[in-house]
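These notes are about the structure you will find just below.
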Amino acid sequence: MFDYDFMVNAFAAGGIVALVAGAVGFFLVLRGQTFAGHALSHVGFAGATGAVLIGLPPLAGLVGFTLLAGIGIGLIGDRISSRDVVIGMVLSLSLGFGLLFLHFYTSYASQATAVLFGNVLAVGRPTLWTLGALGALCLGGLAAISRPLIFASLQPELAEAKGVSLKVVAVLFLAIVAIAVAESAQIVGVLLVFTLMVGPSAAAQRLTTRLSVGVALSVLLALVDAWGGLTLAFYTDWPTSFWITALSGLVYFATALMATSPIRPARP
Amino acid sequence: MTAIACDRVSIGVGGRTILSDVSFAIAPGEFVGVLGANGSGKTTLMRAILGVAPTSGGAIRVFGEPVRRGNPAIGYAPQGRSPVLHGRISGWDFVASVANGHRWGLPWRGPAERADVERALHLVGAAELARRAIADMSGGERQRLLIAQALVGSPRLLLLDEPLISLDPRHQQAVIDMVRDIGRTLRLTVLFSAHEINPLLGALDRVLYLGGTHAAIGSVDEVISGPVLSRLYDAEIEVIRLHGRIFVMSAGHDLEHDAHRHDAHGHDAHAHDAHAHDAP
């Protein structure tokens, strides 16, 4: 399997993205902001197709658009009651624009599939370097804000009183999420970002109550999903993104069943 | 030196005046119950003391210094609305998140921080809750963790916002006794807000009663009286003492009891008449 350059590149890209998606996704689930993550990926669709239309690499458009949208969602804050409606409207508006850009771009079929469902097997060396640099930026940023991020996520009113700026933390975090979403979209496509960013994290949070263990477990599960999916795709010739979603779903629902089984200690 | 000094303080939220021209002083080590109906400004006052809610007039000083956000001398337990109260987060992580939680960087907890968290958990008798998930805990256990969070960083002033809400009478008494003991042992000043005065009667040094944008402070007998509360609310208020319990009535309604029912269970106004006849 590793005799092929494209498989080596795909494993490297999958590894980088799993690391980022697992870690960032854990906090996304912890903060209950998975819908924002989902919306960001759709905004990325407009970005990627728009970039292709004007002759730029799709990843540039993805990162640019998701970053802007992430900062925007962070600035709205979560005290606005209609926040989810606003996010949902931006989401569908972005998909509409994406469709328009594809309409103008004549040979759109394969490009659209790649953006929507990912094309990890086509990742080349230059893209790999970009993914690595963005991934390092993401993880570095997450490490820098993790202490106030955890405080603000677990007890926002106390964090505010103790001097944490909830808005600054929210905006920085969603900027990091935006980059992680753009990275994940490169592997599994904008429609399936949930599978890498939310599946492993949600499963990890069902398996442990410790934050540190949870982040590690989330990264580990994301790696299993990504590399397992690539391996299965190589031997079956079915799409990689399908296998990644299948593994992610399998792990998530297995942990969900475990969590509801009578083995779990009952509430005292 | 006073622990809290409010000098002619006015606070408005969203164009509505919550407190106007309120003055009072609280001495170090006092256990003060903050009473008043819903929307009377109990939470807003605490947020103003924390420097989170801006005042529109007057000055608040905490241990002689003007209020500022992030004052390490103050511990705070907000009304139990943490977004993760139903999450699978361990008690330890929940409390440890407060230790220097405002600093940037990775959340590695050093020995001093770990000792601080252990101490806070120990004070509220929650050492055995450290490994359990918050979602699996009872209301009383969660409340103990919220108070442990407030104790992290060794504050000298505790602001506890409605710690009795949605607890049954037995657990209410346990929380009150625990807070009073911690306050006495560590010589903390405690502001403890509640809907109802009765559970707190044995523990309080003084009462701060908020109503009609005004405040009255003093002993229970001084403040919870018909004339004082009538002046606060600018309405006819009657105070009835029965078997060691106190009922605050307005035109036949039990004010405190109504407020409590209303908030905890979302009962509508029609349900109120019956409560005035609730005997202890």
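Please treat every number below as a calculation from the coordinates, not as lab data. Computed from a prediction, not measured in an experiment: that's the story for all the values here. So basically every Cβ, Gly included, is an ideal-geometry build from the backbone, and we count neighbours across all protein chains shown.
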Helical contribution to [θ] at 222 nm, DSSP H n ≥ 4, -39,500 (n - 2.57), averaged over chain B, rounded to 500 | -8500 deg cm²/dmol
At 0.36 nm per residue, minus the direct Cα-Cα distance, what do residue A:68 and residue A:104 gain on full extension? Give it in nm, one decimal, please.
-> 10.6 nm
Quick one: order B:42, A:167, A:162 by neighbouring beta-carbon count within 10 Å, fewest to most.
-> A:167, B:42, A:162
Residues with amide H under 5 Å from that of residue B:30, placed H, sequence gap 5 or more = B:190
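Which of rounded, prolate or oblate describes chain A when judged by the alpha-carbon gyration tensor and an a/c cut-off of 1.5?
Cα axes put chain A in the oblate bin.
Tell me what chain A gives for mean residue ellipticity at 222 nm when only DSSP H runs of n ≥ 4 count, each as -39,500 (n - 2.57), the sum divided by the residue total, rounded to 500 deg cm²/dmol.
-27500 deg cm²/dmol
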Karplus couplings for the range B:103-116 from phi (6.51 cos²θ - 1.76 cosθ + 1.60, θ = phi - 60°), rounded to Hz, Gly and Pro as x?
-> 7, 6, x, 6, x, 5, 8, x, x, 5, 5, 4, 4, 4
Most mobile of A:47, A:141, A:98 per a Gaussian network model of chain A (Cα springs, under 10 Å)?
-> A:141
Apply the Karplus parameterisation 6.51 cos²θ - 1.76 cosθ + 1.60, with θ equal to phi minus 60°, to every residue of the range A:82-96 and state each ³J(HN,Hα) to the nearest whole Hz, in sequence, with x for glycine and proline.
-> 8, 4, 5, 5, 4, 4, x, 5, 4, 4, 6, 4, 5, 4, x
Compute the Cα gyration tensor for the range B:1-150, then decide on rounded, prolate or oblate, letting a ≥ b ≥ c be the square roots of its eigenvalues: rounded whenever a/c is under 1.5, prolate when a/b is larger than b/c in the other cases, and oblate in all that remain.
-> prolate
Global geometry of the protein assembly as shown, whether rounded, prolate or oblate, following the gyration tensor of its Cα atoms and the 1.5 cut on a/c = prolate
Most fluctuating residue given options A:28, A:19, A:137, as computed from a GNM of chain A linking Cα atoms under 10 Å | A:137
